[in-house]
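For reference, the structure discussed in these notes is given below.
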Amino acid sequence: QVQLVESGGELVQAGGSLRLSCAASGGTFSIYGMAWFRQAPGKEREFVGGISRSGDYTNHANSVKGRFTISRDNDKNTLYLQMNSLKPEDTAVYYCAADAGGSWSFRADYDYWGQGTQVTVSS
């Protein structure tokens with residue numbers, strides 16, 4: 001079992017950048033595939049990006065490809081999401097998730113979730 005805590009969300013202007021972090025504890029971080037999801041008010045949760053156990057493989061949603069980059073540091077037990085060229089439509093609560101089977105795609109059934117961190121992009 002692993003606990004996940006997101007941080008780094010805040011109010012930024014369009015075109016700005018943020019880096020979100022997800023700190024993991026209570027488990028062996030390196031065995032989990034990891035992902036970021038987001039949910040905007042009144043909308044369904046959507047996949048943002050995923051990363052394999054080693055960090056060798058990543059996948060990003062088309063809506064953020066070229067702007068967002070998922071990464072991880074297994075020595076620090078931390079998952080990251082670097083967000084550049086932010087747009088108002090990126091406004092959402094961002095969640096990190098872990099899969100004990102090592103999956104990292106939008107189709108995976110993730111076992112553990114963080115509480116979320118709010119990102120607001122103003123125009």
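Numbers for the structure displayed
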{"item": "Flag if residue 94 is closer than 16 Å to residue 117 by Cα and among the aromatic types (Phe, Trp, Tyr)", "result": "yes"}
{"item": "Any chance residue 73 is of a type in the set (Asp, Glu) and exposed (fewer than 13 other Cβ atoms within 10 Å of the Cβ)", "result": "yes"}
{"item": "Matching option when the condition is surrounded by fewer than 22 Cβ atoms within 10 Å (Cβ to Cβ) and free of Cβ contacts under 8 Å to residues at least 24 places away in the same chain, among 65, 87", "result": "65"}
{"item": "Test: residue 79 is touching a strand residue (DSSP E or B) at 6+ places or on another chain (Cβ under 8 Å), closer than 22 Å to residue 121 by Cα, open to solvent by less than 30 Å² (accessible area, probe 1.4 Å) and not in a strand (DSSP E or B)", "result": "no"}
{"item": "Members of segment 106-123 that are open to solvent by 30 Å² or more (accessible area, probe 1.4 Å) and closer than 17 Å to residue 44 by Cβ", "result": "106, 107, 109, 113"}
{"item": "Strands (runs of 3 or more DSSP E) (entirely within segment 7-74) containing at least 2 residues that are of a type in the set (Val, Ile, Thr)", "result": "46-51, 68-73"}
{"item": "Those residues of segment 82-101 which are among the charged types (D, E, K, R), part of a helix (DSSP H, G or I) and over 15 Å from the mean Cα position of the chain (by Cα), in sequence order", "result": "89"}
{"item": "Residue selected from segment 1-29 under the condition among the hydroxyl-bearing types (Ser, Thr, Tyr) and modelled with pLDDT of 95 or more, by the criterion nearest to the chain's Cα centre (by Cα)", "result": "21"}
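The values are calculated or read from the model by the stated rules, or taken from the named source; none is laboratory data. Small disclaimer: the values here were computed from a predicted structure and weren't measured. Glycine gets a Cβ as well: all are built from the backbone with ideal geometry, and neighbour counts include every protein chain shown. Ligands, DNA and RNA are stripped out before the accessible areas are found, and what is left, the full protein with its side chains, is counted by its heavy atoms. Shrake-Rupley method; radii C 1.70, N 1.55, O 1.52, S 1.80 Å.
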